[in-house]
Amino acid sequence: MSDNEMRPLRSERTSFTEAVYVVSSLASTWELWGLEGEYPFFTYFFDDFWRSQYTNGDAQFDNLLKTEDLSQWEGKIIKPAFKAGLVHMAMMEVCCSYAIQSLREKENSAVAWAFSCEANMWLGTVRGLSIERGPKGSGLSIQAKKAAAARHKENWQMKREIWDWDEKQVEYKSIKAAAEAATARKLVPVTFDTVREWISEGRKNRCAGTPDSHRVE
């Protein structure tokens, strides 16, 4: 699908249509890398950010900077190609987060437009690098698959660590207090908002008796 088919005429565009365009374009890039079959974009990538009330592009940008500074992965020196895949994935997370923030603001408000513009700027970077490094079957595609798998494994391992810690502790009754304690102890290298979201999700699952279908052994 071409850009012209995905976007309304300029005179008809709104902050909402621009944010939707960004998300659709990210999904197309995901397909270009050949990830859709194994890691469906909306259930694997987008849903985490959409469900979280703490999704924030600025916070994801901080995570991108940390990713760019990585020198090791799982105790081993990180390979440049794999690191490039992780950085590319982190850029997509920044882009997606700004688009979601735009969708949550009042349509066509100054803030909504600001977020959609940020999202579009990052989309240009993601797509530019994708074209430069090649589509499905290329080196980028291979590293993107490795990065997607690594992101999935690492996120669920860290989430399980937070859930296990929160289930055992009795000192912090409120979600905020527990998140502050877990963040202060640096149990996992993620932001306070992410820890708070995970603790909230874990407590809801325990109350509902929901099994952890994503458990990483």
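Counting helices only, and only those DSSP H runs with n ≥ 4, report the 222 nm mean residue ellipticity of the chain as the sum of -39,500 (n - 2.57) divided by its residues, in deg cm²/dmol to the nearest 500. Kindly include the intermediate steps, with their values, before the conclusion.
On the way: 9 runs with 145 residues, N = 217.
Taking each H run of at least 4 residues, the total per residue is -22000 deg cm²/dmol.
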Scan around residue 73 for amide H atoms under 5 Å from its own, H built in the peptide plane at 1.01 Å from N, and keep only partners 5 or more places away or cross-chain.
78
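Determine the share of the chain's accessible area contributed by carbon and sulfur atoms, expressed in whole percent, with a 1.4 angstrom probe.
On the way: 6410 of 11930 Å².
The computed percentage sits at 54.
Can you give me the orientation-averaged projected area of the convex hull built on the Cα atoms of region 43-148, in nm²? Before the final figure, lay out the partial values.
On the way: hull surface 29.0 nm².
Across all orientations, region 43-148 yields a mean hull projection of 7.3 nm².
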Holding the Cα-Cα limit at 24 Å, pick out from 176/204; 106/153; 106/186 the pairs that are longer than that.
106/153; 106/186
Quick one: helix 57-68 against the long Cα principal axis of the chain, what's the angle to the nearest 10°, folded into 0 to 90?
80
Pick out, from 24, 95, 198, the residue whose Cα sits farthest towards the positive end of the charge dipole of the chain, with +1 on the Cβ of Lys and Arg and -1 on the Cβ of Asp and Glu.
198
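For a test of the definition: using alpha carbon positions, the gyration tensor, and the 1.5 limit on a/c, classify region 1-64 as rounded, prolate or oblate. Numbers along the way, then the final one.
Numbers: a/c = 2.19, a/b = 1.22, b/c = 1.80.
Judged from the Cα gyration tensor, region 1-64 comes out oblate (a/c at least 1.5, b/c at or above a/b).
Could you grab the relative contact order for region 25-132? Cα pairs under 8 Å, six or more apart, rounded to a whole percent.
Values: 91 pairs, mean separation 28.8, N = 108.
Relative contact order for region 25-132 comes out at 27 percent.
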Which value in nm describes the separation of the simple spin-label points at residue 31 and residue 62, placed 7 Å from the Cα toward the beta carbon?
3.6
Rounded to whole Å², per residue accessible area for region 1-153 with a 1.4 Å probe reads 52
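Just to make sure I understand: if all protein chains stay in place, what is the order of 126, 20, 170, 87 by accessible area at 1.4 Å, largest first?
Values: 126 0, 20 60, 170 110, 87 25 Å².
Correct descending sequence by accessible area is 170, 20, 87, 126.
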Restricting to Cα pairs below 8 Å that are 6+ residues apart, what does the relative contact order work out to for the chain? Please round to a whole percent.
22
When the Karplus curve 6.51 cos²θ - 1.76 cosθ + 1.60 is applied with θ = phi - 60°, which whole-Hz ³J(HN,Hα) does each residue of region 98-107 get, with x for Gly and Pro?
5, 5, 5, 4, 5, 4, 8, 8, 4, 4
Qualifying aspartates and glutamates (Cα of each under 17 Å from Cα of residue 66; at least 8 residues distant if same chain)
58, 74, 93, 154, 193
Under a 1.4 angstrom probe, counting protein chains only, how are 13, 185, 151 ranked by accessible area, largest first?
185, 13, 151
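Does the chain classify as rounded, prolate or oblate by the C-alpha gyration tensor (a ≥ b ≥ c root eigenvalues; a/c under 1.5 gives rounded; else a/b over b/c gives prolate, otherwise oblate)?
Details: a/c = 1.98, a/b = 1.34, b/c = 1.48.
Here the chain falls in the oblate category.
The values are calculated or read from the model by the stated rules, or taken from the named source; none is laboratory data. As the structure is a computational prediction, the values presented were derived from the model and not from experiment. Methodologically, a virtual Cβ is constructed for each residue, glycine included, from the backbone with ideal geometry; neighbour enumeration extends over all protein chains shown. The area values use the complete protein model at the heavy-atom level, side chains included, leaving out ligands, DNA and RNA. Shrake-Rupley method; radii C 1.70, N 1.55, O 1.52, S 1.80 Å.
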